[in-house]
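Visitor: Take a look at this one; I'll ask things after.
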Amino acid sequence: MPRMPGFRWFIAGLLFLAAALSFFDRQVLSVLAPRILDDLGIGNVEYSQAVAAFTLAYSVMFTLGGRLIDRLGTRAGLGLTVAVWTLASLIHAGVQSAWQLTAARFLLGASEGGCFPGAAKGVLEWFPARERALAMGIATTGGSAIGAVLAPPLIVWISMHSGWRGAFVATGLFGGFWVALWLLFFQQPADSRFASPRERRYILDGHEVAESKDPPWPWRDLLSRREVWGLSLTRFLLDPVFYFYMFWIPQYLSQERGSSIEEIGRLVWIPFLTLGISSLIGGAVSDRLVRRGWSINRTRKTVMAAAALLTPASMFCLVAPDAFWAVLIMSVLMFAHGFWMTNYMTLIGDLFPSSSTGTVVGLTGTAGGIGGALSGLVIGRVVEAFSFTPVFLVCGVLYPLGLGLILATVPAVERLQRHAA
C-alpha cells in the first residue's frame, strides 16, 4: 500500500472539505430563495418556518450528533453525518410544497449538527498538541469560512445552467464523493494504511490517541465541570455575533448605507474571506508559540485575549465614510474571530479526552445555536425600533466579556481527569 508523505494534512484537508460542504449546502436555499419561493408559490412566512426548522434541528443535534460520533467513532460517525445531509440535499431537489421544504430543511439541520464535533475529534486524533491549533483552524473555522465565500457565486452559476433543483443535486453529488473519500482514507493513525511508520510514531509519541478507545464521559461528569459551563456560556454570548454578520450585514448595507444588490454582492464575502485567512494564521501562531516553549495554557489564553481585545475596533464601522470602509472595519472583528475560534476549539481538545471531545463541542455548539436563535429575534426588534447602531455596539464588547468567562471558568488549560466515583 503506497504511503502519503504528511498524510495527517490530507486528513485535515478532508475535514476542511466537510466543513466547507456544510456551509455550502445550507446556503443554497438562502442564495436562491427568491427563485425557489416563486416556483413553489410560497411566501415569507412559510420560508421563515423552513429556516426555523433548520436552526432548531441544527442546534439540538450539535449535542446529540457530537455524542453519536463519540459513540460510533470518527470514521463511522462523521461518514454517517455527511451521508445523511447529502441525502437531505438531494431531497430538496424534489420538494413541491412548503411542508416538504420544511421537512427537508429539518433533516439537513439535524445531520449537519454533527459536522464540527466530528471535525474537531478528527483533528484531536490525528495531530499532536504542537500542530493541533493550525489543523483545527483548517478543519473547522477555515473550512466554514471558505464555504461561505464560495457558495454564492458557485450556486448562482450552477443554477443558471441546471436550475435551482440542479443546484441541490450538485451539492448532493459533492457530498457523495466526499463520503467515498472519507471511508477510503480515514482510519485511526495507528491503523492507517497511508501514513508512514515514521508519521504514525510522530503522531502517537506523547499523544493521547489511546483515549479515543475509552467510553465517553457520562453526562453527569461533563455537566458537573465548570469548564463545560464556561465554554458553553461563552458560545451562547459570541455565536450571535457570527450569526449577525452572516444574516444581517446585507440588510444593514441596504437599509443604512443605501447599497444596491450588486454592491452588496461585491462586499459581503470580504469578512468571511478574512475569517478564513485568520483562522489559519491564528492556528499557526498558536502552534509556533507552543514549539517555542510556551505552555499550552499561556498560548491559548494569550492568543484569545489578543483577539478579544481587538474586536471593539469593529464599532468604528458606524462612522465609516461609505459601505466599502464599513465592511473593511467589520472585517476586523471577523479577523479576530478566526484567531479566537480556532484556539477556542483547540482548547476543548486540550481539556477533554478525545473520547468526549465530540460531546463537549456539541454542547457548546447547541448553546451557541440557542443564543443565535434568540438574538435573531432581539436584533429584528432593535433594528425596527432604533437602528443597527446598538447591535454593533453590543457586538464590540461581547468578546472581552467572553474572555472574562473563559479566564474565570478555565483556570488552567490542561488535560482534565474524571471525578472519582
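Since every read-out is calculated from the coordinates, none of them should be taken as a lab result. Just so we're clear, the structure is a prediction, and the values are computed from it rather than from any experiment. Please note: Cβ atoms are built from the backbone with ideal geometry, for glycine as well, and neighbour counts cover all protein chains shown.
Visitor: Net charge within 15 Å of residue 256 by Cβ-Cβ distance, Lys/Arg positive one each and Asp/Glu negative one each, not counting residue 256 itself? Write out the running numbers ahead of the final one.
Guide: On the way: positive: 257; negative: 263, 322, 384.
Summing Lys and Arg as +1 and Asp and Glu as -1 gives -2.
Visitor: Same structure, new question: Quickly rank 231-237, 309-315 as a protection proxy: mean count of other C-beta atoms within 10 Å, highest first.
Guide: 231-237, 309-315
Visitor: Peptides 406-414, 136-144, 388-396, 100-108: what's the order by average Cβ count within 10 Å, highest mean first?
Guide: Numbers: 406-414: 15.3, 136-144: 29.8, 388-396: 18.2, 100-108: 21.6.
With the highest mean Cβ count within 10 Å placed first, the list reads 136-144, 100-108, 388-396, 406-414.
Visitor: Just to check I understand the Karplus step: with θ = phi - 60° and J = 6.51 cos²θ - 1.76 cosθ + 1.60, what whole-Hz values come out for segment 113-129, glycine and proline as x?
Guide: x, x, 5, 6, x, x, 5, 5, 5, x, 5, 4, 6, 9, 10, x, 4
Visitor: Right, another one. If contacts are Cα pairs under 8 angstrom and at least 6 residues apart, what is the relative contact order of the chain in percent?
Guide: Numbers: 702 pairs, mean separation 108.9, N = 421.
Relative contact order of the chain: 26 percent.
Visitor: Still on this structure, I have one more. I need to check one value: relative contact order of segment 275-351, counting alpha carbon pairs closer than 8 Å and at least 6 residues apart, in percent.
Guide: Values: 82 pairs, mean separation 36.3, N = 77.
Result for segment 275-351 is 47 percent.
Visitor: Tell me, what ³J(HN,Hα) does each residue in segment 178-186 have, in order and in whole Hz, if you take phi through Karplus 6.51 cos²θ - 1.76 cosθ + 1.60 with θ = phi - 60° and put x for Gly and Pro?
Guide: Once θ is set to phi - 60°, the couplings for segment 178-186 become 5, 4, 4, 4, 4, 5, 6, 9, 8 Hz.
Visitor: How far apart, in nanometres, would the label points at residue 38 and residue 291 be if each is projected 7 angstrom from Cα along the Cα-to-Cβ direction?
Guide: For residue 38 paired with residue 291, the spin-label model returns 5.3 nm.
Visitor: Between 175, 158, 188, whose Cα lies farthest towards the positive end of the dipole of segment 139-298 when Lys and Arg beta carbons carry +1 and Asp and Glu beta carbons carry -1, centred on the Cα centre?
Guide: 188
Visitor: Quick one: Karplus J couplings for segment 32-39, per residue in order, coefficients 6.51, -1.76, 1.60, θ = phi - 60°, nearest Hz, x for Gly and Pro?
Guide: Per residue, the Karplus-derived 3J(HN,Hα) values read 9, 3, x, 5, 5, 4, 5, 5 Hz.
Visitor: Here's a follow-up. Which option, (1) 54, 26, 23; (2) 33, 27, 20; (3) 43, 26, 22, is the value of semi-axes √(5λ) of the Cα gyration tensor in Å that was calculated from these coordinates?
Guide: (2)
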